[in-house]
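Report on one structure; see the data block that follows.
No lab work stands behind these numbers, since they all come straight from the coordinates. Predicted model only: the values in this text are computed from it and were never measured. Cβ atoms come from the backbone with ideal geometry, glycine included; neighbour counts cover every protein chain shown.
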Amino acid sequence: NTTYAVTAVSDATGCAGAASGNAVITVNPSPFVGAISGPANVCEGSNISLSDPTGGGTWSSSDPSIATVNGSGVVTGISSGGVIISYSVSNGSCVTSAIKAVNVNSVPPVTANASLATICAGQSVNLTSSSAGGSVPTTVSFTNSTPGGFRNANPLILGSGVILDRII
């Protein structure tokens, strides 16, 4: 606690009043918050995990339309842009926050086509794709979750944004 003496002084006359008083102010310490650790980039629709060594805090996002964060520090990219993720700790009357800038990267649009929609076992089909990757290189691969469907061969790059994959 800190005690301050208060004395009244007239602005008009400059005279100090005979009465004075004391004001007692309690200064609470701010809680400690460690630095947030974890990746600074996430893709739209993907998650990253952030952590803070200080327990008992809450996570928040400066713009949930760009990225959300849950109570465990898992950040989900919603749309392309930058956002500030905060971890705040309160001791009842004081709050301290640590912040981390997170960039949400857009997912490149991909168009995929097959030379045949139906094939027999042992036949081949050409799969092609195009991506509007612009000046950023984009890698496209084909996969199939059906057991025994096909295997992913090494893609053959035919030109800017066009990839051909041989299927067996």
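Structure notes:
- Cα gyration tensor shape for segment 16-79, rounded if a/c is under 1.5, else prolate or oblate: prolate
- On the beta carbon distance between residue 103 and residue 25, with R0 = 45 Å, the FRET formula returns roughly 0.60.
- Residues whose amide H lies under 5 Å from that of residue 34, counting only those 5 or more places away or on a different chain, are 54; hydrogens are built 1.01 Å from N in the peptide plane.
- For the pair residue 46 and residue 13 in one chain, pulling the backbone fully straight at 0.36 nm per residue adds 4.9 nm over the alpha carbon distance.
- Restricting the calculation to Cα atoms, segment 44-105 shows an Rg/Rh of 1.00 when the hydrodynamic-style radius is the Kirkwood one.
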